[in-house]
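Presented below is the structure to which this report refers.
A short reminder: the numbers here are calculations on the coordinates, not readings from a lab. Keep in mind it's a predicted model, so treat the numbers as computed, not measured. So basically every Cβ, Gly included, is an ideal-geometry build from the backbone, and we count neighbours across all protein chains shown.
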Amino acid sequence: MTAAAPAGAAGPVGSPMRVSVPMRVGVAADHGGFELKEELAASLREQGHEVVDFGAASLDPADDYPDYVVPLARAVAAGDVERGLAVCGSGVGACVAANKVRGARAALVTESFSAHQGVEDDDMNIMCIGGRVLAFNLAWELVQAFLGATFIGGERHVRRLAKVAALEGEA
Ligand code: RB5
């Protein structure tokens, strides 16, 4: 869903294509994504979102992404936060970890089409990005596309997701 921009919504890089309504957004990052997570969290707060930070709370070069990403994914799956943003060095580890949590639908995103289409068609609820891959401005655009999109919920989309969800019941 797109909506009129709240005051200050344009954020630090000008005018994003999509502006999301204020949401409760969870963020998490290891050392590889810490700096980008901090920048994005600050900009999201500036934009009017409620940001729940699952860590890391400080830069620790020896930390492990599952320690932050899994609690984030559980919160998203439980509905405690509406969307999640997981950042590690590449975004890959965060994505692998998040998708182990039942109800998490995480994807590694590097371009804008997937950032919104992943929500519209696939109900992606966690976007994973790489702090060593993306500069802030591109990351911010992707976040705007992600948060500005809503699941279309067509019969075909629901049918496909039911087939994916059925896998979660397998041993
Ligand atoms: C940590 O050095 C790095 O491996 C991690 O942040 C991430 O890139 C894994 O996918």
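Points to keep in mind about this one:
- Sorting the segments 84-92, 62-70 by their residues' average number of neighbouring beta-carbon atoms within 10 angstrom, most packed first, yields 84-92, 62-70.
- As a proxy for reagent exposure, M23, M127 were ordered by neighbouring Cβ count within 10 angstrom, fewest first; the result is M23, M127.
- In a simple Cβ point-charge model (Lys, Arg +1; Asp, Glu -1; nothing else charged), the chain has a dipole of about 520 debye relative to its Cα centre.
- The range 153-171-the range 32-97 distance, computed between alpha-carbon centres (Å): 26 Å
- The phi torsions of the range 109-124, fed into the Karplus equation with coefficients 6.51, -1.76 and 1.60 and a -60° offset, translate into couplings of 10, 10, 9, 5, 4, 5, 4, 9, 5, x, 7, 4, 9, 10, 6, 3 Hz, rounded to whole numbers, with Gly and Pro shown as x.
- Kirkwood-based Rg to Rh ratio, the range 123-170, C-alpha trace: 1.12
- Shape descriptor for the range 56-171: Rg over Rh equals 0.97 (Cα atoms; Rh from the Kirkwood inverse mean 1/r).
- Neighbour count of at most 14 Cβ within 10 Å plus DSSP loop: longest GluC sites (Glu not before Pro)-free window in the chain: 1-110
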